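Chemist: Let me begin by handing over the structure; questions about it come next.
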Amino acid sequence: MEKVYILGGAQTDFSRNWTKEGKNFCAMIKEVTDDALAAVRLNDEDIVSLNNQNKIAACVGNFVAEYFCSQGHLGALLTEVNPAFYGVPSARYEAACASGSVALDAGYAKIRAGDYELVMVLGFEMMKTVNSLSCGDYLGRAANYAKEAKGVEYPFPKLFGRLADTILERHKPDKERFLRALAKIADKNYANARRNPNAQARTWFMDEEQANRRGTDTNALVGGMLALSDCSQITDGAAAVFLASEAYAKAYCTKNGLELNDMPYIKGWGHRVAPLTFANKIEESRDDAYILPWTRRAVAEAYARAGMSVADMDFFETHDCFTSSEYAAVSAFGIAEPGREYEAVESGVTSMAGSKPVNPSGGLIGCGHPVGASGVRMMLDLYKQIAGKAGDYQVKGAKNGMMLNIGGSATTNYVFIVGK
C-alpha cells in the first residue's frame with residue numbers, strides 16, 4: 001500500500017481573538033497557509049508548478065463557518081488568500097468536531113489512490129465572533145439539533161455530563177474517586193499546555209485542587225457533574241499539514257538533505273460512525289463492555305491496519321472536549337480495561353512522565369478547540385512528536401503515536417497512527 005508521509009505544517013496561536021484584532025477568517029487562513037508553506041520549505045512557484053502537473057490538491061475542514069462567519073464555499077477561500085492556489089482542486093469537508101479529520105481522510109485517500117502527490121489539509125474555525133450562548137447553540141448542530149440542542153443552553157456540556165453519568169451507572173466506580181480522576185485529567189492537560197507556546201490556556205490558572213472544587217463560585221457546574229474545569233473552551237484557530245506520496249517524499253528529502261526513514265508517515269487509520277443521538281448510542285451499547293463501542297472499533301481497526309497494538313504507542317492525542325471524553329478514551333486506546341480507567345489516571349500512566357502520555361500538547365482543554373481545526377492540529381502534533389520537533393512538550397524517544405478525533409457526542413470517530 002502507498003505510504004503517505006507528513007512533511008510538516010503550522011498552526012496559529014490558539015489564544016488569539018481574531019475579531020478583537022480586527023481580522024477575519026481570510027487573515028487566519030492566509031497566516032496559517034503562509035506559515036505551513038515556510039515550515040515545509042515550499043513557495044508559490046512550487047504550488048503553481050505542481051498544479052500545472054495536476055499533482056496537488058487541498059482539503060479544507062470546517063464545521064459551521066456559515067453561522068460563525070456567514071461564509072460558505074470554504075474550499076475556494078484559498079484563492080482569496082494566495083493566487084498561487086488558483087486552479088488547485090480544493091473542497092470543504094465537514095463532520096462536526098471531526099471536520100479536520102475527514103479533511104485528512106480525504107487527502108490521505110487522494111494520495112493513496114495515486115490521484116495527487118501532495119495535498120495540503122487545512123482546518124479552521126473562528127468562534128469568538130459571537131457570545132457564548134450563541135456559540136453553544138451553533139455547536140448544537142453537531143448533535144441531533146431538534147431533539148438534543150434546540151432551546152437548550154450549552155447542550156454539549158450536558159451531553160458529556162450524561163456520558164459521565166453513564167460511566168457511573170455502568171461501571172460503578174466510587175463516585176468521588178471518579179470525580180478526582182476527572183480533576184487529574186484537567187490538571188494534567190492545563191499543566192501540559194503551559195509547555196506549549198501555541199496553547200490557549202498556557203497562561204491560565206488551574207490545578208487539581210481547583211478542579212476538585214466543583215459547584216463553587218470558582219468552578220461552576222455546567223452539565224451534570226461536569227464543571228468549568230472539565231470543559232474545553234471557545235477557541236479561534238487554524239492548522240495545516242502537507243501530506244505527500246512516497247515518490248514525492250523521496251524527491252523532497254533528496255532536495256532538502258533529509259532521510260526518508262526519518263520522515264513521519266501514516267501507519268494506520270480507523271473511521272466509524274455511531275448513532276447521532278446520544279440516547280441511541282447508550283441504548284445500543286447497553287450490553288457492551290465499552291460505553292462507546294464504535295470509538296473502540298475505530299481504534300482497534302487502526303491498530304489492525306498498522307499491525308500494531310497499544311504496546312507500540314508512545315503517546316496519544318485525544319479529543320478531550322470534556323474530561324469525561326478523555327476518561328472514556330483511556331479504555332478505548334487499550335491503556336486500561338473498561339471500568340478501570342481511573343487506575344491509569346491515578347497512577348500517572350497518562351501523564352507526561354508516564355508510560356502512555358495522553359495529550360502532551362494540552363489537548364482540547366489546554367491547547368484549545370477550534371472545532372474545524374482540532375483534527376488537523378492533532379495530526380500536526382503527531383508529526384512534531386515523531387519528528388522530535390515538539391519542543392518543551394516533546395515525549396522523549398517518541399516513535400509511534402495515535403490520535404482520536406470525535407465529532408458530536410462521539411458520533412463520528414476518526415483515528416490515525418503516525419510513526420517512522
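Chemist: Might you let me know whether the range 318-325 holds any residue that is among the acidic types (Asp, Glu) and outside any loop (DSSP other than H, G, I, E, B)?
Modeler: No, because not a single residue in the range 318-325 is among the acidic types (Asp, Glu) and outside any loop (DSSP other than H, G, I, E, B).
Chemist: Does any residue in the range 150-178 that is free of Cβ contacts under 8 Å to residues at least 60 places away in the same chain come within less than 8 Å, Cβ to Cβ, of a residue that is in a loop (DSSP other than H, G, I, E, B) and among the charged types (D, E, K, R) six or more places away or on a different chain, and which pairs are these?
Modeler: If the second residue must be in a loop (DSSP other than H, G, I, E, B) and among the charged types (D, E, K, R), no pairs are left.
Chemist: Tally up the residues in the range 296-327 that are hydroxyl-bearing (Ser, Thr, Tyr) and under 22 Å from Pro370 (Cβ atoms), please.
Modeler: 4
Chemist: Right, Ala304: open to solvent by 10 Å² or more (accessible area, probe 1.4 Å), assigned to a helix (DSSP H, G or I) and hydrophobic (A, V, I, L, M, F, W, C) or not?
Modeler: So Ala304 passes the test.
Chemist: Determine which single condition Asp320 fails, assuming it passes every other condition in (1) in contact with a Lys or Arg (Cβ under 8 Å, 6 or more places away or on another chain); (2) under 18 Å from Ser99 (Cα atoms).
Modeler: For Asp320, the failing item is (1).
Chemist: Which residue pairs have Cβ atoms under 8 Å apart, sit 6 or more places apart or on different chains, and have a first residue in the range 107-133 that is without any contact (Cβ under 8 Å) to a residue 60 or more places away in the chain and a second that is assigned to a strand (DSSP E or B) and open to solvent by less than 40 Å² (accessible area, probe 1.4 Å)?
Modeler: Filtered contacts from the range 107-133: Lys110/Ala57; Lys110/Cys59; Lys110/Val119; Asp115/Ala57.
Chemist: Right, another one. Looking at the range 342-359 only, could you name the residues that are surrounded by 16 or more Cβ atoms within 10 Å (Cβ to Cβ) and closer than 21 Å to His171 by Cα?
Modeler: Tyr342, Glu343, Ala344, Val345, Val349, Thr350
Chemist: Right, here's the next one. Give the number of residues within the range 270-301 that are touching an Asp or Glu at 6+ places or on another chain (Cβ under 7 Å), of a type outside the set (S, T, N, Q) and surrounded by fewer than 22 Cβ atoms within 10 Å (Cβ to Cβ).
Modeler: 2
Chemist: Counting just the residues of the range 195-209 that are under 25 Å from Glu343 (Cα atoms) and without any contact (Cβ under 8 Å) to a residue 24 or more places away in the chain, which one comes out least open to solvent (accessible area, probe 1.4 Å)?
Modeler: Met206
Chemist: Failed condition for Val222, given (1) surrounded by 24 or more Cβ atoms within 10 Å (Cβ to Cβ); (2) within 28 Å of Trp204 (Cα to Cα), with all others met?
Modeler: It fails just one condition, (1).
Chemist: For residues that are under 19 Å from the mean Cα position of the chain (by Cα) and hydroxyl-bearing (Ser, Thr, Tyr), scanning just the range 230-250, find the one that is farthest from Leu364 (Cα to Cα).
Modeler: Once the filter is applied, the top-ranked residue is Thr235.
Chemist: Taking Ser355 as meeting all but one of (1) at negative phi; (2) touching a residue at least 12 places away in the same chain (Cβ under 8 Å), write down the number of the exception.
Modeler: (2)
Chemist: May I ask you to list the residues in the range 1-40 that are part of a helix (DSSP H, G or I) and either touching a Ser or Thr at 6+ places or on another chain (Cβ under 7 Å) or open to solvent by less than 60 Å² (accessible area, probe 1.4 Å) (or both)?
Modeler: Phe25, Cys26, Ala27, Met28, Ile29, Glu31, Val32, Thr33, Asp34, Ala36, Leu37, Ala39, listed by residue number.
Chemist: Does Glu45 count as of a type outside the set (S, T, N, Q), within 21 Å of Arg16 (Cβ to Cβ) and over 22 Å from the mean Cα position of the chain (by Cα)?
Modeler: no
Chemist: Working carefully through the options Cys26, Cys69, find the one that is more than 21 Å from the chain's Cα centre (by Cα), within 13 Å of Ala238 (Cα to Cα) and hydrophobic (A, V, I, L, M, F, W, C).
Modeler: Cys26
Chemist: Also: Just to be sure, is Gly401 open to solvent by 10 Å² or more (accessible area, probe 1.4 Å), within 24 Å of Lys267 (Cβ to Cβ) and touching a residue at least 60 places away in the same chain (Cβ under 8 Å)?
Modeler: Taking the combined requirement at face value, the residue does not satisfy it.
Chemist: Check the range 167-188 and report whether any residue there is at positive phi, surrounded by fewer than 17 Cβ atoms within 10 Å (Cβ to Cβ) and not in a helix (DSSP H, G or I).
Modeler: Among the residues of the range 167-188, at least one is at positive phi, surrounded by fewer than 17 Cβ atoms within 10 Å (Cβ to Cβ) and not in a helix (DSSP H, G or I), which makes the answer yes.
Chemist: Of the numbered conditions (1) open to solvent by 10 Å² or more (accessible area, probe 1.4 Å); (2) hydrophobic (A, V, I, L, M, F, W, C); (3) within 30 Å of Ala91 (Cβ to Cβ), Phe316 fails exactly one; give the number of that condition.
Modeler: With respect to (1) open to solvent by 10 Å² or more (accessible area, probe 1.4 Å); (2) hydrophobic (A, V, I, L, M, F, W, C); (3) within 30 Å of Ala91 (Cβ to Cβ), Phe316 is out only on (1).
Chemist: Looking at Glu94, Glu66 in this structure, which one is open to solvent by 30 Å² or more (accessible area, probe 1.4 Å) and in contact with a Phe, Trp or Tyr (Cβ under 8 Å, 6 or more places away or on another chain)?
Modeler: After applying the criteria, what remains is Glu94.
Chemist: Could you grab the pairs with beta carbons closer than 8 Å, sequence gap of 6+ or different chains, first residue in the range 231-252 and within 19 Å of Cys59 (Cα to Cα) and among the basic types (Lys, Arg), second one open to solvent by less than 20 Å² (accessible area, probe 1.4 Å) and in a strand (DSSP E or B)?
Modeler: Pairs found: none.
The values are calculated or read from the model by the stated rules, or taken from the named source; none is laboratory data. Every value quoted in this text rests on a predicted model; they were computed, and no experiment measured them. Note that each Cβ is placed from the backbone with ideal geometry, even for glycine, and that neighbours are counted across all protein chains shown. Heads up: the accessible areas ignore ligands, DNA and RNA and are worked out on the full protein's heavy atoms, side chains in. Shrake-Rupley method; radii C 1.70, N 1.55, O 1.52, S 1.80 Å.
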